[in-house]
1. Tally up the carbon and sulfur contribution to the accessible surface of the chain as a whole percent, 1.4 Å probe, everything protein left in place.
2. Between segment 157-194 and segment 238-253, what is the C-alpha centre distance in whole Å?
3. Calculated FRET efficiency, residue 88 and residue 134, Cβ-Cβ r, R0 22 Å, to nearest 0.05?
4. How much area per residue is accessible in the chain when the probe is 1.4 Å and only protein heavy atoms are counted (Å²)?
5. On a 1.4 Å probe surface of the protein chains, which of 262, 228, 251 comes out largest in accessible area, and what is the full order?
6. Grab the other residues whose beta carbon is less than 11 angstrom from that of residue 133, score K and R as +1, D and E as -1, and report the net.
7. With just the Cα atoms defining each centre, how far is segment 107-151 from segment 49-91? Give it in Å.
8. Using per-residue counts of other Cβ atoms within 10 Å, averaged over each peptide, order 219-225, 70-76 from highest down.
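The values are calculated or read from the model by the stated rules, or taken from the named source; none is laboratory data. No experiment lies behind these values; they were computed from the predicted model shown. As a convention, Cβ positions derive from the backbone with ideal geometry for all residues, glycine included, and neighbour counts pool all protein chains shown. Ligands, DNA and RNA are stripped out before the accessible areas are found, and what is left, the full protein with its side chains, is counted by its heavy atoms. Shrake-Rupley method; radii C 1.70, N 1.55, O 1.52, S 1.80 Å.
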Amino acid sequence: MFKPDLTRADVTPEGVWMNRRKLISALGAGSIAGGLGLPALAQDEELTPHTWEQITGYNNFYEFGTGKGDPAENAGAMETQPWSVKVDGLVDNPGDYQLADLIGDIPTEERIYRFRCVEAWSMVIPWNGFELNKLLAKVGVQEGAKYVAFETAVLPDVMPGVNYPILDWPYREGLRLDEAMHPLTIMATGLYDKPIPNQNGAPMRLVVPWKYGFKSIKSIVRISLVEEEPHATWNQSNPREYGFYSNVNPEVDHPRWSQASERVIGSGLFGKRIDTLMFNGYADQVASLYEGMDLRENF
Ligand SMILES: Nc1nc2c(c(=O)[nH]1)N[C@H]1C(S)=C(S)[C@@H](COP(=O)(O)O)O[C@H]1N2
Ligand SMILES: [Mo]
């Protein structure tokens, strides 16, 4: 079951520093000390909390441009109300839903997660959202469904990026059904108790905290329950560099850079570096999903 890890103290207020030791205990010392062969972290290190400015000003959302500032600059033009989401494939209740109808009475809650980009930077983000498994229960997953596939909107009028073949649009991602059902996997509709800004994936985006950031697909317009492993944009564009699983793993380097550490966005000009943790610090909760799998093969 979900157990709270990071707290509000890790993300607010501006300019306050927290002790690494506190983070370690917050993440659950078991995942670090529990014999996974990870290096012990220095206890006197500090970690910078993140601010609204960093989380909404330093983004990856290639539909709005490839620069980290492009989404904040361009995504405001995207109209997110009304927003329709197609649900199809192996479900009891397929259809084109208005987002509010799809979410219905599922309550939102706060989830504070470390978010680790494959580019070796991270932030601690206070999402508001709900477990994806609640939405899947509502649409009714049928026997035979093994994966969940997601697609982002393609809006050429407001998304400058989709007019260029930077990626194979629409942006697509997928999870194995057990990953999608895991209580850590959420659909986020808010940030810092505010509606999620467009640059962060309004009106609804996935957040899978133990995987590299690119799995957390933004501005979702389609959810499909399928039998076969679905296309995933980065995996498809460069399968040698980006695997389907994309689990954060400090022991498996990207072909062009190390994944053993990460730069904490906002912690000074060049960013403090911290050690990357197996499954991004969520090993206690998710390692069992991959029992018996070679994580070097299935990266
Ligand atoms: N549709 C879409 N979703 C996306 C991306 C994107 O380019 N397009 N970038 C991904 C990457 S690489 C990261 S690191 C996260 C960034 O999320 P954030 O900007 O909210 O921190 O979004 C992911 N989801
Ligand atoms: Mo990323």
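1. The computed percentage sits at 52.
2. 18
3. Working from the Cβ atoms, E equals 0.70.
4. Here the per-residue accessible area is 42 Å².
5. Numbers: 262 0, 228 130, 251 95 Å².
Sorted by accessible area, descending: 228, 251, 262.
6. Charge balance in the 11 Å sphere: -1.
7. 15
8. 219-225, 70-76
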